[in-house]
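In what follows, a single structure is set out as structure tokens and then discussed.
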Amino acid sequence: MSSFEESKREKVIRCGETNGGEMKGGEEEEYTLDGSVDRHGLPAIKGRSGGWHAGFLILVNQGLATLAFFGVGVNLVLFLTRVLQQDNADAANNVSKWTGTVYIFSLVGAFVSDSYWGRYKTCAIFQVIFVLGLVLLSLSSYLFLLKPVGCGDRLSLCGPHSTFEIGVFYLSIYLIALGNGGYQPSIATFGADQFDEEDPTEGLSKVAFFSYFYLALNLGSLFSNTILGYFEDGGRWALGFWVSAGSAFIALVLFLFGTPRYRHFKPVGNPLPRVCQVVIAAAKKWRVEMPPSGTDLYQVDGKECAISGGRRILHTQEFKFLDRAAVMTSEDFGSGDQALCHNPWRLCTITQVEEVKCILRLLPIWLCTILYSVVFTQMASLFVEQGAAMKTTIAGFRIPPASMSSFDILSVAAFILIYRRFLNPLVCRLQKKKNPKGLTELQRMGVGLIIAIMAMISAGIVESYRLKYSKGNCDGCSSPSSLSILWQIPQYALIGASEVFMYVGQLEFFNGQAPDGLKSFGSALCMTSISLGNYVSSLLVTIVMQITTKDDRPGWIPGNLNKGHMDDFYFLLAALTTIDFVVYLVCAKWYRCIKLESKYQDDSCDVSIAKV
């Protein structure tokens with residue numbers, strides 16, 4: 001047992017010292033082993049912090065916050081056209097800009113969380129901004145945007161608005177974008193912080209948390225896509241926005257309510273100088289001879305042995321050119337009183353070098369997920385257009401094409417439960433010797449890509465049959481095809497199943513493989529993947545239309561889908577995703593996981609135990 005662990009145990013078993021929070025009922029209480037602290041900055045005690053008590057509050061918080069966000073986002077394009085009287089192209093463009101801004105702000109939130117504020121403070125501040133934006137949107141809609149009263153439904157447009165009124169509207173929705181975007185990457189990581197990955201039981205709970213986190217996100221959006229969407233589509237915009245504001249406020253209150261139980265990790269400072277120091281130091285020493293064994297590279301004990309108290313990262317063999325930054329030369333240290341000091345722009349620790357290597361190793365995997373996001377974004381665009389061109393009336397009841405995404409959400413919920421309760425335990429038994437924990441994150445992401453290919457093939461087959469049962473020139477009719485919209489259920493269900501493997505696997509993978517100082521950045525990578533997927537999808541549609549509309553042809557995706565071949569576009573996406581899957585296999589086989597050292601640490605980190 002380490003000297004630090006022994007001293008820590010002495011603190012909690014000394015007689016009579018029960019007022020410090022270390023003794024309960026005369027028994028020793030156990031500290032977490034991952035370096036997490038309580039709100040006072042002291043080592044976190046397992047029985048008094050974190051775990052599912054804190055995790056459940058964060059899950060409910062995520063569900064309510066998602067309900068609030070999608071309560072605005074799901075029908076924002078309709079609000080712009082019906083209330084602000086924008087044309088379809090301008091409204092769609094403004095929604096795309098707003099959505100992209102949300103994901104850009106996620107990088108801002110991840111940066112301040114990892115560098116300066118910490119995850120708890122970041123979540124709290126950005127949630128306050130989120131609530132303020134929703135309240136401002138609700139007030140402005142009720143007071144002057146929805147005039148005359150009752151406007152904004154399918155039949156009546158609202159009156160003109162002044163520059164001030166439109167300015168207040170845009171201020172409110174971009175406050176919402178800032179609040180939600182800054183909050184999202186930190187809340188997922190903060191939830192994972194509540195489980196000690198060095199403890200076998202809590203380590204399994206941490207893996208389960210990401211699945212339930214994604215489930216909470218989808219259940220929140222289900223309510224927005226159905227109930228709130230129905231009210232807003234009927235013109236009751238102010239009611240829908242007030243419900244969103246109330247949901248976000250309750251989410252904030254619940255989050256603050258759990259403050260005494262949360263576990264925290266201290267922010268480690270701005271990572272940009274650390275990365276630049278490694279690159280510059282390696283460049284300055286490009287002629288320096290590398291030690292043959294790789295064991296004589298610079299590493300120190302004490303406060304510098306890891307990045308601002310984070311866990312030490314062990315040396316790896318990839319990107320050896322960066323190791324030059326940790327090669328010690330006579331020029332790296334001063335003389336006299338400065339002999340023990342070194343210039344960080346000439347000499348970096350192995351942990352600092354490995355932090356840069358981790359980022360470089362993650363990038364190829366991240367790039368392979370962008371094309372999956374292209375497939376995912378079709379639910380909000382081409383799937384809806386395809387559904388609108390099908391028979392949407394079933395037994396006298398009209399099914400809104402956008403509401404078909406409910407089958408995606410239901411599929412996500414079902415497959416999370418199936419995977420957690422049945423599939424993963426089965427794989428664990430089958431791979432008891434090779435991998436007792438079941439499918440790895442990389443394997444699950446690969447399965448997600450395969451199911452995404454199946455989803456695109458399914459959508460292409462349905463579109464082929466829709467064209468077969470189309471009504472020819474049907475520019476103004478309500479049902480351009482006699483094929484029922486319910487035939488879309490398989491493609492939505494397959495997308496939902498692929499999300500469980502891809503996006504949940506992504507959350508776990510980027511959170512687990514990111515260095516201690518970049519955990520929120522890892523979660524932000526998932527959101528930026530979706531953002532770039534939107535942009536790549538738009539670019540791909542533009543390129544396809546430019547190619548397929550030559551010689552007076554209508555193209556694959558014309559205004560009248562009966563004259564086009566959207567099935568060919570779906571099959572093209574299936575082919576591109578197949579190529580992406582092959583590239584992903586190469587990247588996943590090449591990838592090497594981060595190697596950390598666990599620490600029992602207080603002010604220094606001179607005692608470390610290699611992580612098994």
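The values are calculated or read from the model by the stated rules, or taken from the named source; none is laboratory data. These numbers were taken from a predicted model, which means no experiment stands behind them. We place every Cβ from the backbone using ideal geometry, glycine too, and count neighbours over all the protein chains shown. Ligands, DNA and RNA are excluded from the accessible area calculation, which covers all protein heavy atoms including side chains. Shrake-Rupley method; radii C 1.70, N 1.55, O 1.52, S 1.80 Å.
List of remarks:
- Any hit, region 111-129, residues being acidic (Asp, Glu) and within 26 Å of Leu518 (Cα to Cα): yes
- Checking Glu355 against (1) in a helix (DSSP H, G or I); (2) out of contact with any strand residue (DSSP E or B) (no Cβ under 7 Å at 6 or more places or on another chain); (3) of a type outside the set (Phe, Trp, Tyr); (4) open to solvent by less than 40 Å² (accessible area, probe 1.4 Å), the condition it does not meet: (2)
- The residues on offer are Leu576, Leu561, Leu596, and the sole one that is buried (at least 16 other Cβ atoms within 10 Å of the Cβ) and over 33 Å from the mean Cα position of the chain (by Cα) is Leu561.
- Residue list for region 378-387, restricted to those being at pLDDT 80 or above and open to solvent by 50 Å² or more (accessible area, probe 1.4 Å): Glu385
- Subset of region 260-298 [buried (at least 20 other Cβ atoms within 10 Å of the Cβ) and polar (S, T, N, Q)]: Gln277
- Of all the numbered requirements in (1) at pLDDT 95 or above; (2) of a type in the set (Phe, Trp, Tyr); (3) open to solvent by 50 Å² or more (accessible area, probe 1.4 Å), Phe130 misses one, and that requirement is (3).
- Flag if Glu197 is at pLDDT 85 or above and over 14 Å from the mean Cα position of the chain (by Cα): no
- Within region 479-523, if we keep just the residues that are touching a helix residue (DSSP H, G or I) at 6+ places or on another chain (Cβ under 7 Å) and assigned to a loop (DSSP other than H, G, I, E, B), the residue that is surrounded by the most Cβ atoms within 10 Å (Cβ to Cβ) turns out to be Pro515.
- Hits in region 151-178 - residues which are touching a residue at least 24 places away in the same chain (Cβ under 8 Å), of a type outside the set (A, V, I, L, M, F, W, C) and open to solvent by 50 Å² or more (accessible area, probe 1.4 Å): Arg154, Pro160, Tyr174
- Residue match in region 114-126 (condition: crowded, with 24+ Cβ neighbours inside 10 Å, of a type outside the set (Lys, Arg) and at pLDDT below 90): yes
- Any hit, region 248-263, residues being over 17 Å from Ala54 (Cβ atoms), touching a Gly at 6+ places or on another chain (Cβ under 9 Å) and not aromatic (Phe, Trp, Tyr): yes
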